[in-house]
1. Only residues in segment 101-124 that are in contact (Cβ under 8 Å) with a residue 60 or more places away in the chain count as the first member; pair them with residues that are part of a helix (DSSP H, G or I) and open to solvent by 40 Å² or more (accessible area, probe 1.4 Å), Cβ under 9 angstrom, at least 6 apart or cross-chain, and list the lot.
2. Which one is nearest to N26 (Cα to Cα), of the residues in segment 269-288 that are open to solvent by 30 Å² or more (accessible area, probe 1.4 Å) and assigned to a helix (DSSP H, G or I)?
3. Would it be correct to say that I211 is among the β-branched types (V, I, T) and out of contact with any strand residue (DSSP E or B) (no Cβ under 7 Å at 6 or more places or on another chain)?
4. I need the full set of residues from segment 54-69 which are over 12 Å from G98 (Cβ atoms) and touching a residue at least 24 places away in the same chain (Cβ under 8 Å), in order please.
5. Tell me the residue from D71, D84 that is within 18 Å of the chain's Cα centre (by Cα) and of a type in the set (D, E, K, R), please.
6. How do the strands (runs of 3 or more DSSP E) wholly within segment 120-181 filter down when requiring 1 or more residues that are more than 14 Å from G86 (Cα to Cα) and at pLDDT 85 or above: which remain?
7. For the subset of segment 73-94 comprising residues that are outside any loop (DSSP other than H, G, I, E, B) and open to solvent by 10 Å² or more (accessible area, probe 1.4 Å), which member is nearest to R31 (Cα to Cα)?
8. Taking segment 194-240 as the region of interest, how many residues are among the small types (G, A, S) and in contact with a Lys or Arg (Cβ under 6 Å, 6 or more places away or on another chain)?
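The values are calculated or read from the model by the stated rules, or taken from the named source; none is laboratory data. These numbers were taken from a predicted model, which means no experiment stands behind them. Don't worry about glycine lacking a Cβ; one is built from the backbone with ideal geometry, like all the others, and counts go over all protein chains shown. Heads up: the accessible areas ignore ligands, DNA and RNA and are worked out on the full protein's heavy atoms, side chains in. Shrake-Rupley method; radii C 1.70, N 1.55, O 1.52, S 1.80 Å.
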Amino acid sequence: MIVNAKEFLDKAYENGYAIGHFNTNNLEWTRAILEAAEEKQTAVIIASSEGAAKYMGGFRVVADLVRAMHDELNITVPVAIHLDHGTYEGAKACIEAGFTSVMFDGSSLPLDENLEKTREIVELAHAKNISVEAEVGGIGGEEDGVASEGELADVEECKKIASCGIDFLAAGIGNIHGVYPENWKGLNFDRLKEISDAVNMPIVLHGGTGIPEDQVKKAIELGVSKINVNTECQIAFSKETRKYIEEGKDQQGKGFDPRKLLAPGTKAIKEVVYEKIAMMGSEGSANK
């Protein structure tokens, strides 16, 4: 059930729910995401940024880890292995490394160059049955050193990038990577509707951490079918790991064993994944 993301995102788009994209950072993250998706019987996207892949040992390590763990845990729900905010070279490397879905983020490039490179990635990926996400209009905040003011995507530019043959589109609608500031204005639903009507394909909502549930649900109604979550899992993991150490549990018996030390944080990741799956409305969708 390691597949590309197109089929199950199209299904989500047609049926009014979204699929969670959760970034992995190591073995614990990968296992927590897979187990939560299996328990809730929903397809899931396990993603890696280029920075996280470098930390984990390379793109092939990420792909092989997900595949091996998927098999060992007897996962039955569809799983896509996805590159998040990939460069042109990174996307090409992931196509060769065993990823089943890639995002080429050319949003910082001149539009013509973004379009040209997106077409090339689509051709390479589709030849190997790999789905492609592309982006226009920067997403706010910073991810792997790529910063943006979070401008709203231009509808005409969205139509042009969609015409490159991509499978789902990331477009700036006021969303931000990381923790949302108190003065955040919220998602721009007028622009989202314009984009959704223009491209008629699954829309990707980056920066899924901290967006209020009512805004998430409204975004899904307007065509968002993939929601990216990373920071929220990281915060939950660090909070519970800090608590374990501050309570001195790492000094009790063999509490220093990483299997024990990392267990509370790993459980916290699963709790976040459960919460997001419920919010996105995808629980049980793998059986339908």
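1. S101/K6
2. Just the residues of segment 269-288 that are open to solvent by 30 Å² or more (accessible area, probe 1.4 Å), to begin with: 270-271, 274-275, 278, 281, 283, 286-288.
Filter once more, so that each one left must be assigned to a helix (DSSP H, G or I): 270-271, 274-275, 278, 286-287.
On the way: K270: 14, E271: 17, Y274: 19, E275: 21, A278: 24, A286: 25, N287: 28 Å.
For segment 269-288, the residue satisfying everything is K270.
3. yes
4. Passing the criteria: Y55, M56, M69.
5. Exactly one residue qualifies, and that residue is D84.
6. Values: elements: 131-136, 141-143, 146-148, 168-171.
Once the strands (runs of 3 or more DSSP E) in segment 120-181 are filtered for at least 1 residues that are more than 14 Å from G86 (Cα to Cα) and at pLDDT 85 or above, what remains is 168-171.
7. H85
8. Kept after step one, since they are among the small types (G, A, S), are these residues of segment 194-240: 196, 198, 207-208, 210, 219, 223, 225, 236, 238.
From what's left, in contact with a Lys or Arg (Cβ under 6 Å, 6 or more places away or on another chain): 198.
Number of matching residues: 1.
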